[in-house]
Amino acid sequence: MSSMVQIKQADEMQAWALARRLDGARIGLVPTMGYLHAGHLSLVAEARKRADVVVVSIFVNPVQFGPNEDFEKYPRDEARDLEQCERAGASAVFFPSVATMYAPDASVFVTEERLSAGLCGARRPGHFRGVCTVVAKLFNLAQPHVAVFGQKDYQQAAIIRRMVRDLNFPIEIVVAPIVREPDGLAMSSRNVYLSADERQRALGLSRALQAAAACVEQGGAPAADVRARMVEVIEAHALQLDYAEIVDAESLEPVAEARRGNVALVAAQCGRTRLIDNQIL
Ligand code: AMP
């Protein structure tokens, strides 16, 4: 017998969360776009450690996709996602329609103006405006005490932390480690797009990051050299480089000298699929 509740309407989500708060429960939120994998489930496990009830939201947010991106064909499997949430011990799954999330004339959006400038923000104009807006809305609807995000989307996690700080959301943000396939590929819903050949070539991202980590193992190294090494590995796997950068972990500003504690980030096109990965050096 399941006790997991399924909620589709925004007002129902908020009423449920406010009732749990009146019960004295500590609420955890895990925002996702669905097509769940072990990476998502690790976030649910983390949230369960830190909260009495866990809400998983499943919403492919149109506002964070560009006009030529994969919003329409983004993988979806509601039945399987519900089953996985249930097994992972979620208390509630919120899977709203676009119509319940956005009024047709919605005109208020949340923008972060500094951390969003580079990396994925520079390549996907409006992406983080969409992310901040939907996450702010999910915070208001699910009323979490704690929200768990994945390091897989390093820039996103940094931007959400900044939004929470700058807009005074009373929410603890937890960032959980990247869950990888046994061969190193970071798990992603988009991996389902990869052909067998692309799946092999996709290893270029994690291998580029390992090469970057190896460069700083003995101490610092010029970031340009580390970057060149990453580009070499990406290209050796016949991937089309989008970016490879070494940045400061907090400011996301590129560094001149790569050191331990900096973050290496890569994005590359593998066939028609855009993949990202990162590693703290
Ligand atoms: P998505 O459904 O891709 O929007 O991701 C939802 C949340 O899961 C985000 O906080 C991601 O960073 C996180 N996530 C995605 N893939 C992984 C992974 N391989 N390991 C850990 N967290 C992940």
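The table below lists the values:
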quantity	calculated
Anchor Lys8: aspartates and glutamates whose Cα lies under 17 Å away (excluding residues fewer than 8 positions away in-chain)	Asp77, Glu78, Asp81, Glu83, Glu86
Taking Leu203, Leu275, Leu22 and counting other C-beta atoms within 10 Å, the order from fewest to most	Leu22, Leu203, Leu275
Summed side-chain charge close to Ser188 - residues other than Ser188 whose Cβ falls under 11 Å, Lys, Arg +1, Asp, Glu -1	+1
Semi-axes of the equivalent ellipsoid for the chain, Cα gyration tensor, largest first, Å	33, 20, 18
Proxy reagent accessibility, fewest Cβ within 10 Å first, across Tyr74, Tyr154, Tyr35	Tyr74, Tyr35, Tyr154
Whole-Å distance, taken between Cα centres, linking region 1-76 and region 110-127	24 Å
Gained length - Arg272 relative to Glu83, 0.36 nm times residue gap less alpha-carbon distance	65.1 nm
With eigenvalues of the C-alpha gyration tensor scaled by 5 and rooted, region 189-280, Å	24, 13, 10
Nearest 10 degrees, 0 to 90: helix 127-142 Cα axis against the chain principal axis	30 degrees
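Here, each number is a calculation from the coordinates, and none is a lab measurement. Quick caveat, the model's predicted, so the values are computed rather than measured. Cβ atoms come from the backbone with ideal geometry, glycine included; neighbour counts cover every protein chain shown.
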